[in-house]
Amino acid sequence: MRANMDQLTEIADGIYQLRFTLEQARSQSRVYLVAGERGAVVETGPTIMVPSIVEALKEAPGGLDGVAFIVLTHLHLDHGGGIGALSQALPRATVVAHERGIRHLADPSRLIESTRMAFGRRFEEHYGPILPVAPERVHPAVDGEVLDLGVRKLEVVHTPGHAPHHLCLMDSRTRAVFVGEALGHFLPDTGLLVPSIPLPMVDLKAIFRSINRIQRLNPDMLIFSQFGHSPDTERLILEAKRAMAATSRIVLSRLRGGGSEQEAAALVLAHYDERASHIDPQVPPMRFSGAWAGTTLQLVQSLRAYFRKRDLL
Ligand SMILES: [Zn+2]
């Protein structure tokens with residue numbers, strides 16, 4: 001597979017974005033550098049991206065030696081699969097992840113197993129291997145902790161739901177929040193947020209609590225780990241809640257009525273199409289129908305597992 005990497009782009013004061021396309025996952029992921037006296041890289045993407053990240057960081061403010069922290073919003077392959085490889089390439093950097101997920105960095109065996117379930121048994125061929133991080137390099141972060149970059153600070157905000165160990169980062173200088181996947185997938189071309197609810201650790205209540213938490217931070221910018229960033233923070237946070245509520249309502253009602261997972265997924269896709277045309281009448285109809293079929297079926301399966309566990313189905 002090919003991974004395409006653009007150059008560094010400054011998207012806010014001292015926040016640089018590296019954009020790459022993972023053709024296999026039809027995903028556009030982002031890696032960020034927050035510049036400071038001590039710089040922080042946020043997310044790594046999978047291992048296949050690491051050589052390009054290292055090349056780009058050589059040209060970045062502070063260079064490779066200026067990176068003091070590598071922070072992961074969570075450990076899923078497309079966000080943090082490359083952490084072992086990148087930590088080897090940046091030997092001075094401390095690896096930061098939430099304390100609830102930290103044990104999987106030094107011993108990624110369970111992570112590799114769940115990655116095979118989500119991305120296929122031969123995910124290494126497309127994304128590269130998940131390598132361990134030396135235990136002494138790892139720092140378990142907790143809610144409220146502050147990473148001091150000198151001229152700015154990054155506050156850790158624990159936002160479980162998408163994953164129990166998911167965290168966001170609030171930048172003191174720009175009031176930008178790195179939201180990872182806590183609000184779902186932001187699709188700039190439609191203005192939509194599409195829920196991102198993976199197996200097996202779904203917790204809908206926690207997802208809503210975490211969205212409320214992000215809302216209370218009153219951010220000036222939302223920086224997503226997929227597809228982009230936006231200053232339209234109030235609308236997008238409300239859209240995240242609305243999308244999450246509507247999607248789970250549609251799925252629960254269809255499955256309760258005896259519908260199949262495929263039928264529920266088709267209704268969700270039709271809802272996305274309708275919602276996109278409501279936000280922007282220029283968006284072509286059936287925008288979501290084919291491209292999102294597989295992702296949406298997985299989302300339905302995750303919700304079904306969640307509803308069953310709570311005796312709602
Ligand atoms: Zn994820």
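The values are calculated or read from the model by the stated rules, or taken from the named source; none is laboratory data. Quick caveat, the model's predicted, so the values are computed rather than measured. Virtual Cβ from ideal backbone geometry, glycine too; neighbours counted across all protein chains shown. In case anyone asks, the SASA skips ligands and DNA or RNA and just uses the protein heavy atoms, side chains included. Shrake-Rupley method; radii C 1.70, N 1.55, O 1.52, S 1.80 Å.
For the condition modelled with pLDDT of 95 or more, out of contact with any Gly (no Cβ under 9 Å at 6 or more places or on another chain) and within 23 Å of Glu181 (Cα to Cα), what is the one hit in Thr94, Thr44, Thr73? Even if it seems obvious, please write down each step before you answer.
Numbers: Thr44 fails: out of contact with any Gly (no Cβ under 9 Å at 6 or more places or on another chain); Thr73 fails: out of contact with any Gly (no Cβ under 9 Å at 6 or more places or on another chain).
Among Thr94, Thr44, Thr73, only Thr94 is modelled with pLDDT of 95 or more, out of contact with any Gly (no Cβ under 9 Å at 6 or more places or on another chain) and within 23 Å of Glu181 (Cα to Cα).
Applying the selection to region 26-48, what residues are among the charged types (D, E, K, R) and touching a strand residue (DSSP E or B) at 6+ places or on another chain (Cβ under 8 Å)?
The first filter runs over region 26-48 and keeps only residues among the charged types (D, E, K, R), leaving 26, 30, 37-38, 43.
Passing the criteria: Arg30, Arg38, Glu43.
Considering only residues that are out of contact with any Phe, Trp or Tyr (no Cβ under 6 Å at 6 or more places or on another chain) and among the polar types (S, T, N, Q), look in region 5-23 and name the one that is modelled with the highest pLDDT.
My answer is Thr9.
Please verify whether Thr174 is of a type in the set (S, T, N, Q) and crowded, with 19+ Cβ neighbours inside 10 Å, treating the condition exactly as stated. Don't jump to the end; show me each part of the working.
Details: of a type in the set (S, T, N, Q): yes; crowded, with 19+ Cβ neighbours inside 10 Å: no.
Against the criterion (of a type in the set (S, T, N, Q) and crowded, with 19+ Cβ neighbours inside 10 Å), Thr174 does not qualify.
Before we move on, is Ala264 closer than 25 Å to Asp311 by Cβ and either among the β-branched types (Val, Ile, Thr) or open to solvent by less than 50 Å² (accessible area, probe 1.4 Å) (or both)? Spell out the reasoning first.
Values: closer than 25 Å to Asp311 by Cβ: yes; either among the β-branched types (Val, Ile, Thr) or open to solvent by less than 50 Å² (accessible area, probe 1.4 Å) (or both): yes.
So Ala264 passes the test.
List the pairs whose first member sits in region 153-170 and is more than 16 Å from the ligand (Cβ to nearest atom) and open to solvent by 30 Å² or more (accessible area, probe 1.4 Å), whose second member is of a type outside the set (Gly, Ala, Ser) and assigned to a strand (DSSP E or B), and whose Cβ atoms are under 6 Å apart, counting only residues at least 6 apart or on separate chains?
That search, which allows pairs on different chains as well, returns Lys153/Val146; Glu155/Val146; Glu155/Met170.
So which residues in region 268-313 are in contact with a Lys or Arg (Cβ under 6 Å, 6 or more places away or on another chain) and either in a loop (DSSP other than H, G, I, E, B) or not small (Gly, Ala, Ser) (or both)? Before you say what the answer is, go through the steps one by one.
Filtering region 268-313 for residues in contact with a Lys or Arg (Cβ under 6 Å, 6 or more places away or on another chain) gives 273, 276.
The answer is Asp273, and nothing else.
With the structure loaded, tell me whether Thr174 is in contact with a helix residue (DSSP H, G or I) (Cβ under 7 Å, 6 or more places away or on another chain), more than 16 Å from the ligand (Cβ to nearest atom), over 26 Å from Leu111 (Cβ atoms) and not in a helix (DSSP H, G or I) or whether it fails that test. Please lay out each step first, then the result.
Working: in contact with a helix residue (DSSP H, G or I) (Cβ under 7 Å, 6 or more places away or on another chain): no; more than 16 Å from the ligand (Cβ to nearest atom): yes; over 26 Å from Leu111 (Cβ atoms): yes; not in a helix (DSSP H, G or I): yes.
For Thr174, the condition - in contact with a helix residue (DSSP H, G or I) (Cβ under 7 Å, 6 or more places away or on another chain), more than 16 Å from the ligand (Cβ to nearest atom), over 26 Å from Leu111 (Cβ atoms) and not in a helix (DSSP H, G or I) - is not met.
Among the residues of region 132-152, are any more than 16 Å from the ligand (Cβ to nearest atom), touching a residue at least 12 places away in the same chain (Cβ under 8 Å), under 19 Å from Gln226 (Cβ atoms) and open to solvent by 20 Å² or more (accessible area, probe 1.4 Å)?
No, region 132-152 contains no residue that is more than 16 Å from the ligand (Cβ to nearest atom), touching a residue at least 12 places away in the same chain (Cβ under 8 Å), under 19 Å from Gln226 (Cβ atoms) and open to solvent by 20 Å² or more (accessible area, probe 1.4 Å).
Just give me the residues in region 214-249 being open to solvent by 40 Å² or more (accessible area, probe 1.4 Å) and over 22 Å from Asp189 (Cα atoms), in sequence order.
Just the residues of region 214-249 that are open to solvent by 40 Å² or more (accessible area, probe 1.4 Å), to begin with: 215-216, 218, 220, 227, 229, 231-232, 234-235, 238, 241-242, 249.
Correct list: Gln215, Arg216, Asn218, Arg249.
Which pairs turn up if I take residues in region 187-200 that are at positive phi and look for partners that are more than 13 Å from the ligand (Cβ to nearest atom) and open to solvent by 20 Å² or more (accessible area, probe 1.4 Å) with beta carbon separation below 9 Å, at least 6 apart in sequence or on another chain?
What qualifies is Gly191/Asp232; Gly191/Arg235; Gly191/Ile279; Gly191/Asp280.
Take the residues in region 189-205 that are modelled with pLDDT under 85 and either open to solvent by less than 20 Å² (accessible area, probe 1.4 Å) or within 13 Å of Ile279 (Cα to Cα) (or both), then tell me which one is nearest to the ligand (Cβ to nearest atom). Lay out the reasoning, then the answer.
Here is the first cut: in region 189-205, the ones modelled with pLDDT under 85 are 189-191, 198-202.
From what's left, either open to solvent by less than 20 Å² (accessible area, probe 1.4 Å) or within 13 Å of Ile279 (Cα to Cα) (or both): 189-191, 202.
Working: Asp189: 21, Thr190: 20, Gly191: 22, Val202: 11 Å.
Top of the filtered list is Val202.
Restricting the search to region 68-110, which residues are within 16 Å of the ligand (Cβ to nearest atom), over 12 Å from Val133 (Cα atoms) and in contact (Cβ under 8 Å) with a residue 12 or more places away in the chain?
Step one: filter region 68-110 for residues within 16 Å of the ligand (Cβ to nearest atom), giving 71-83, 97-98, 100-101, 104-105, 108, 110.
From what is left, the residues that are over 12 Å from Val133 (Cα atoms) are 71-79, 98, 100-101, 110.
Correct list: Val71, Leu72, Thr73, His74, Leu75, His76, Leu77, Asp78, His79, His98, Arg100, Gly101.
How about region 51-170: which helices (runs of 4 or more DSSP H) wholly inside it have at least 1 residues that are in contact with a Lys or Arg (Cβ under 9 Å, 6 or more places away or on another chain)? I'd like the intermediate steps shown before the answer.
Details: elements: 77-80, 83-89, 103-106, 109-119, 123-127.
So the answer is 83-89, 103-106, 109-119, 123-127.
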